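What follows is a single structure, written as structure tokens, with notes after it.
The values are calculated or read from the model by the stated rules, or taken from the named source; none is laboratory data. Here the structure is a predicted model, which means the values were calculated and not measured. In this analysis, Cβ positions are derived from the backbone assuming ideal geometry, glycine residues included, and neighbour counts consider all displayed protein chains. Side chains included, ligands, DNA and RNA excluded: accessible areas come from the protein's heavy atoms. Shrake-Rupley method; radii C 1.70, N 1.55, O 1.52, S 1.80 Å.
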Amino acid sequence: MSRVVIGGGRIGGSSHPNQTPFPLSHSHSSTLSPIQLLKPFFPTLSFHRPVSSFPPKNLTISERNSSVLRAQNIDYKSEKQRSLESMDSKKDSTELNRELYLDIEPYSTGFLKVSDLHTIYWEQSGNPNGHPVVFLHGGPGGGTSPNNRKFFDPAFYRIILFDQRGAGKSTPHACLVENTTWDLVNDIEKLREHLQIPEWQVFGGSWGSTLALAYSQSHPEKVTGLVLRGIFLLRKKEIDWFYEGGAAAIFPDAWESFRDLIPDNERGCFIEAYHKRLNSDDKDIQNAAAKAWTKWEMMTAHLHPNEENIKKGDDDMFSLAFARIENHYFVNKGFFPTDSFLLDNVEKIKHINTVIVQGRYDVCCPMMSAWDLHRAWPEAELIVVPDAGHSANEPGIAAELVAANEKLKSIIKGNAC
């Protein structure tokens, strides 16, 4: 398995905001290039250098065990960065465990009342005396599953999972009242205090990466490290790409069912059209819209179609919460005051050890967002999995997520010595 590691001054390698990005494609076989196809949705996207000049100047590329490429900017290394790199070099990344851990069961579960209306489900597994890590699920509205525990070493980590408002086992199911990003940020703090945890590592993918950034920027002193996957900054261009026709260029077959539920005269904004149906008083209309919405995402989440994932769209309970809550957040622009809010506040968390894992061919959350975050936050390590899409369960992404937790584990152990 190959991967590309870009930047990460604090964890492994160094980066700089002015370094030139890797080309997004080398294919010129079609009439329109990938950049031309993406241009309507990402107007600022461009090659800063022609492909023939790759790799960019100031970057040295070395091969590790014929499979791992590490790109480092050699001109901007502080003494602290050199020290961290020295520590990293003693344990080559290929030595880190990349295998998912075995299934485990929770040692405690419970429900926490976070408002007069909402109660959230939570669970703990792994080592009760281990380093706490909280898993933030995607969607919003996706809920947690037992497989989420397998990214973490159960001998080292105290693993906390919880279902966000309206999702999974939390109640009331699929409820949109008092359900905003900032309600969820407050819930995370309430759960941390309820479990008497001074600080913890935060792990989140897709919408979970959005929530992880919002939480850590609100409470940076409570976060010991971040692992982020499939970056979603909830900007208009990201929503438009996936829900207003951009991703349809890659998955036209899956798009047809999503599109055809909406009459021609309402196709100017699919988010609004689905919002109307997902909030209909007619339960049949609600369920039909929820299934179509959910199947569209499930059919595009993997590089290779995953039938088990696609079947989630047939589950009335899952699809209703998933579609209603997602759409609710997207209609309200994530409840952020500005489109670039999460990027604008990165300075608050630059000191936190962070690994970003991104599938090169992620259609749900295109790599442009991970790249924009990396440019704003070169101290974080960006790992690009070249043969993966969006899902955390794809082999290459799962391996890098496990390795990211192992890397943070080694840092924590080193600090304890």
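Taking Lys and Arg as +1 and Asp and Glu as -1, the other residues whose beta-carbon sits under 15 Å from that of residue 308 total -2. A straight chain from residue 99 to residue 260 at 0.36 nm per residue would run longer than the Cα-Cα distance by 53.8 nm. When you count the other C-beta atoms within 10 angstrom of each residue and take the mean per peptide, 361-373, 114-126 line up highest first as 361-373, 114-126. Taking all protein chains as they are arranged and a probe of 1.4 Å, the heavy atoms of residue 144 leave approximately 40 Å² accessible to solvent.
Kirkwood Rh over Cα pairs of the range 261-311 into Stokes-Einstein at 25 °C, 0.890 mPa s: D in µm²/s? The partial results should precede the final answer.
Details: Rh = 11.9 Å.
The calculation lands on 206 µm²/s.
Answer rounded, prolate or oblate for the range 118-243, using the Cα gyration tensor with square roots of eigenvalues a ≥ b ≥ c: rounded when a/c is under 1.5, else prolate when a/b is larger than b/c, else oblate. Walk me through the numbers on the way to the answer.
Numbers: a/c = 1.57, a/b = 1.36, b/c = 1.16.
Judged from the Cα gyration tensor, the range 118-243 comes out prolate (a/c at least 1.5, a/b above b/c).
Given a 1.4 Å probe and heavy atoms of the protein chains only, how would you sort 163, 284, largest accessible area at the top?
284, 163
The residue among 252, 301, 332 whose Cα reaches farthest toward the positive pole of the charge dipole of the range 237-333, with charges on the beta-carbon of Lys, Arg, Asp and Glu, is 332. Measuring nothing but how far apart in sequence close Cα pairs (under 8 Å, 6+ apart) lie, relative to its length, the range 237-333 scores a relative contact order of 26 percent. Scalar couplings 3J(HN,Hα) for the range 385-401, obtained by applying the Karplus form with A = 6.51, B = -1.76, C = 1.60 to θ = phi - 60°, are 8, x, 10, 9, x, 9, 5, 5, 8, 5, x, x, 5, 4, 4, 6, 5 Hz; x denotes Gly and Pro. Among 105, 400, 297, 193, the sequence by solvent-accessible area, most first, with a 1.4 Å probe is 105, 193, 297, 400.
Ignoring ligands, DNA and RNA, what percent of the 1.4 Å accessible area of the range 237-333 is carbon and sulfur? Walk me through the numbers on the way to the answer.
Details: 2280 of 4600 Å².
Roughly 49 percent, rounded to a whole number.
Note down the net charge around residue 269, summing +1 for each Lys or Arg and -1 for each Asp or Glu among other residues with Cβ under 11 Å from its Cβ. Write out the running numbers ahead of the final one.
Details: positive: 267, 276; negative: 240, 244, 266, 272.
Neighbour charge sum, excluding residue 269 itself: -2.
The candidates 375, 235, arranged from most to least accessible area with a 1.4 Å probe in the full protein assembly, appear as 375, 235. Normalised per residue, the accessible area of the range 237-333 is 47 Å², obtained with a 1.4 Å probe and no contribution from ligands, DNA or RNA.
Please give the residues of the range 123-158, grouped as numeric ranges, whose backbone N is less than 12 Å from a label point set 7 Å along the Cα-to-Cβ vector of residue 169. Correct set: 123-125, 144-146.
Taking a spot 7 Å from the Cα of residue 415 along the direction of its beta carbon, which residues of the range 181-206 have an amide N less than 14 Å from it? So the set is 198-202.
Counting every alpha-carbon pair across the range 237-333, the share separated by more than 17 Å comes to 48%.
At 0.36 nm per residue, and after removing the present C-alpha to C-alpha distance, how many nm does the segment from residue 350 to residue 315 gain when stretched out fully? Intermediate values should be presented prior to the final figure.
On the way: separation 35, 0.36 × 35 = 12.60 nm, distance 4.02 nm.
Computed gain between residue 350 and residue 315 is 8.6 nm.
Peptides 178-187, 327-336 ordered by packing proxy, namely the average of other Cβ atoms within 10 Å per residue, highest first: 327-336, 178-187.
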